[in-house]
1. Grab every C-alpha pair in the range 9-96, bin the distances at 10 angstrom width from 0 up to the longest one, and report whole percents.
2. Evaluated at 10 °C with a viscosity of 1.306 mPa s, what Stokes-Einstein diffusion coefficient in µm²/s does the range 163-219 have when Rh comes from the Kirkwood expression over alpha-carbon pairs?
3. Measuring from a point 7 Å past the Cα of T50 along Cα-to-C-beta, which residues in the range 13-37 have an amide N at less than 17 Å?
4. Summing -39500 (n - 2.57) over the DSSP H runs of n ≥ 4 in the chain and dividing by its residue number, what mean residue ellipticity at 222 nm do you reach, to the nearest 500 deg cm²/dmol?
5. Over the range 104-217, what is the relative contact order in whole percent, taking alpha-carbon pairs under 8 Å and six or more residues apart?
6. Want the number for T209 to M1: 0.36 nm per residue separation, take away the alpha-carbon distance, what's left?
7. Mind sorting out which of [x] 27, 19, 18; [y] 51, 21, 13; [z] 33, 18, 15 is the real semi-axes √(5λ) of the Cα gyration tensor in Å computed from the coordinates?
8. For a quick size check, give me the Cα extents of the range 104-217 along its three principal axes, largest first, whole Å.
Amino acid sequence: MLQRIAAAMPFWAFYVESKVGKTGLTVTVDIWEKALGSAATEIITGASATEVGDGYYTYELALASVDANGSYMAVFKTSTTTVDAQHIPSAWFTPVWLTTVGAATVTFTSPVVATSTINWVPGDDYKAVDSRAYEPIYSGVPSLTGATVTMALRLQGAGSNTVTVTGSVVSATQLRFEPTSAETLLLSPDSVYDYQVQALLSGTSNVTTLEEGTVTTLLNLPSP
């Protein structure tokens with residue numbers, strides 16, 4: 001199973017006796033941590049597992065102990081000899097890529113409101129020259145330099161994208177989206193759209209989803 005670092009890990013074991021789950025056992029747990037590039041270290045010895053029921057037993061490794069990318073291997077042990085297996089393994093893995101994704105953050109800039117919802121008026125232009133572009137800034141993501149970036153919008157409850165806005169790269173960590181009036185006119189007024197920002201990284205075929213959120217369209221009232 002996969003988990004990011006700095007998150008609790010619930011290990012599980014299922015004990016069987018005579019083809020059914022065995023209850024009432026006294027079970028202890030040893031846990032080994034194998035960080036990438038390092039030797040394995042036993043970080044938990046003889047901890048008491050908790051019986052859940054019907055043969056299931058569990059032990060939760062505290063998040064403070066999940067501090068490295070690599071492998072976490074537990075062995076549940078019981079001294080009862082009538083069970084089918086006295087030692088049962090359980091393992092978690094903390095890959096580097098999952099840590100990177102879990103740590104990524106985004107800073108929203110105008111025209112985003114405090115709720116992190118973008119507000120657009122159908123028919124309006126959102127140009128950087130007018131200080132109206134959507135320019136998200138990211139951290140903990142691959143370099144965006146040279147990437148091809150898009151922002152796809154879909155009416156909530158609909159089955160396909162309504163409009164896709166092609167963006168530009170401001171820096172390795174910042175993008176810019178400047179929807180035109182022709183593009184925003186494709187959006188229904190007074191509606192809510194789900195959006196997703198994706199980047200095709202330069203020199204690769206790797207697609208990275210950077211952000212998801214909602215766009216609320218306002219009423220476009222006719223001029224008097």
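All of the numbers you see were taken from the coordinates with simple rules; none came from a lab. This structure is a prediction, so every number in the text was calculated from the model and none was measured. Every residue, glycine among them, receives a Cβ derived from its backbone with ideal geometry; neighbour counts consider all protein chains shown.
1. 18, 48, 25, 9, 0
2. 122
3. Only 13-14, 24-30 pass the distance filter.
4. Values: 2 runs with 12 residues, N = 224.
The per-residue figure over the chain is -1000 deg cm²/dmol.
5. Numbers: 268 pairs, mean separation 35.2, N = 114.
It rounds to 31 percent for the range 104-217.
6. Length difference between fully extended and current span is 72.7 nm.
7. Answer by label: [y].
8. Its Cα atoms span 38, 32, 26 Å along the three principal axes.
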